[in-house]
Amino acid sequence: MPRFAANLSMMYPDLPFLDRFEAAAQDGFKAVEYLFPYAFPAPELAARLRANGLQQVLFNTPPGGTDSTSFTQAWDSGSRGTASVPGREAEFRTGFEQALRYADALHCPRIHAMVGLRAEGASADVADATLIGNLQWAAAQAAQAGRDVLIEPINRRSVPGFHLNRQDHAHRIVQAVGAARVKVQMDLFHCQIVEGDLSTHIAQYLPTGRVGHVQIADVPARHEPGTGEVNWTHIFKTIDRVSAECGWDGWIGCEYNPADASAGGTSRGLNWARPYL
């Protein structure tokens, strides 16, 4: 049966962020993910996890910057990661080291290394080479800490100019890095927009052992399953079947904006998930 993690950056938008842990647990979630932890002290986040019996299964590296304040400023100014951006290697390393410190405190096994926008004037080959070099460095650090490093293909409608858009491209990068702990974050929202054919992609890539995490949202509005064009009953059955065949045991992050953002709307919109929680 698929295992679902609540994305606290997007779900429960009517609640303060730190109150979302309890809300997710009350709705039956056993795990959470979110974009960034850096605005909060790691001990406070760890306490929320413990108090609500939750696992932290994923968060992102900083989108840019070198400290908590500049991490937020980087996101607000439109930076979406530094891993593929030539000239920002030191920034990437500083951010990744901070992510490792949080991962240690939160017992989080996976870090999403944000690839970033294609730098102005940089070719695709230069961006790829920068990304591979940064990931090889990150893989060595992550191996010492027992963490996985993930990269995510993101559609350019949601994030114009993002360097990595397709599953096959992401898997070529992972193979070029050549480190067991570097994997792909397979977001089915982005995959459906860019490529479609979700069932085939799931069957193709989960058995490779190079998919570290899956995320979902319906298309086109990025709301919960059942609000758009994807046949989620079929997709979840496909994930279940392929996982049973190949031994994939990852988490599926619910990275969607609830269609009802009013008080209690996230919980009311979880009818799709009741059989799994």
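The values are calculated or read from the model by the stated rules, or taken from the named source; none is laboratory data. For clarity, every value in this text was computed on a predicted model and none was experimentally measured. Methodologically, a virtual Cβ is constructed for each residue, glycine included, from the backbone with ideal geometry; neighbour enumeration extends over all protein chains shown. When the accessible area is computed, the model is the full protein with side chains, heavy atoms only, and any ligands, DNA or RNA have been set aside. Shrake-Rupley method; radii C 1.70, N 1.55, O 1.52, S 1.80 Å.
For segment 118-277, a crude dipole built from +1 on the beta carbon of Lys and Arg and -1 on the beta carbon of Asp and Glu, taken about the Cα centre, is about 180 debye to the nearest 20.
Shown for segment 79-173: the carbon plus sulfur share of the solvent-accessible area, taken with all protein chains present and a 1.4 angstrom probe, equals 48%. In this label model, Glu44 and Asn257 are separated by 2.6 nm, measuring between points 7 Å along each Cα→Cβ vector. Normalised per residue, the accessible area of the chain is 40 Å², obtained with a 1.4 Å probe and no contribution from ligands, DNA or RNA. Annotation: the antiparallel percentage among DSSP beta bridges lying fully within the chain is about 10.
The list (1) 23.8; (2) 18.8; (3) 22.1 gives values of Kirkwood radius over Cα pairs in Å, and only one came from this structure; which label was calculated from it? Looking at Kirkwood radius over Cα pairs in Å for this model, the match is (2).
With the highest mean first, a sort of the peptides 175-184, 129-138 on other beta-carbon atoms found within 10 angstrom per residue produces 129-138, 175-184.
Classification of segment 141-254 by its C-alpha gyration tensor yields an oblate form. The axis ratio a/c (a ≥ b ≥ c) is 1.5 or more, and b/c is at least a/b.
Summarising the amide proton neighbourhood of Arg80: residues at separation of 5 or more, or on other chains, whose placed amide H is nearer than 5 Å comprise Leu117. Taking the charge dipole of segment 91-175 about its Cα centre, with +1 at Lys and Arg Cβ atoms and -1 at Asp and Glu Cβ atoms, the residue from Gln136, Met114, Ile154 reaching farthest to the positive side is Ile154. Assuming a ≥ b ≥ c are the square roots of the Cα gyration tensor eigenvalues, decide whether segment 130-188 counts as rounded (a/c under 1.5), prolate (otherwise, with a/b larger than b/c) or oblate. The shape class here is prolate.
Using only DSSP helix segments of four residues or longer, with each worth -39500 (n - 2.57), what per-residue ellipticity at 222 nm results for the chain after dividing by its residue count and rounding to 500?
That calculation yields -12000 deg cm²/dmol at 222 nm.
Taking amide hydrogens as placed 1.01 Å from N in the peptide plane, the amide H of Val182 sits under 5 Å from those of Val149, each at least 5 positions away in sequence or on another chain. Here the chain is assigned +1 on the Cβ of each Lys and Arg and -1 on the Cβ of each Asp and Glu. Its dipole about the Cα centre then comes out at about 380 debye. Grab the other residues whose beta carbon is less than 13 angstrom from that of Val177, score K and R as +1, D and E as -1, and report the net. Every neighbour counted, the sum reads +2. Would you mind classifying segment 193-277 by shape? Square roots of the alpha carbon gyration tensor eigenvalues, ordered a ≥ b ≥ c; an a/c under 1.5 is rounded, otherwise it is prolate if a/b is larger than b/c and oblate if not. Here segment 193-277 falls in the prolate category.
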